[in-house]
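First the structure, in the form of structure tokens, and then the observations on it.
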Amino acid sequence: MRPRDCNSGDNWAGNERVAVMTTIETRRKLKPIDVHVGARVKSRRMQMGLSQTKLANKLGITFQQVQKYEKGVNRIGASRIH
């Protein structure tokens, strides 16, 4: 069997690359500072009685992004905090 060509119109090779990248990204080690900041955001959000959706609307982002911030998966930029 010959190797598949990325330019042959067969999406198999392209999909395989995407799957590998997704696997590598999900294995990224969370940084303790991102987890700590996310926990503080979640704590403050809950103190204020806001849902993730309400906070997201106030910030102009999606609730999924709020989830990622709170879990420490994505880093919160200083400009967004200030």
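The values are calculated or read from the model by the stated rules, or taken from the named source; none is laboratory data. On a predicted model such as this, the values are computed, not experimentally measured, just so you know. Note that we place each Cβ from the backbone using ideal geometry, even for glycine, and neighbour counts take in every protein chain shown.
Of the helices (runs of 4 or more DSSP H) lying entirely inside region 22-82, those containing at least 3 residues that are surrounded by 11 or more Cβ atoms within 10 Å (Cβ to Cβ) and of a type in the set (Val, Ile, Thr) span 32-47.
For region 4-43, filtered to residues that are at pLDDT 90 or above and farther than 17 Å from ALA78 by Cα, the residue that is nearest to the chain's Cα centre (by Cα) is LEU30.
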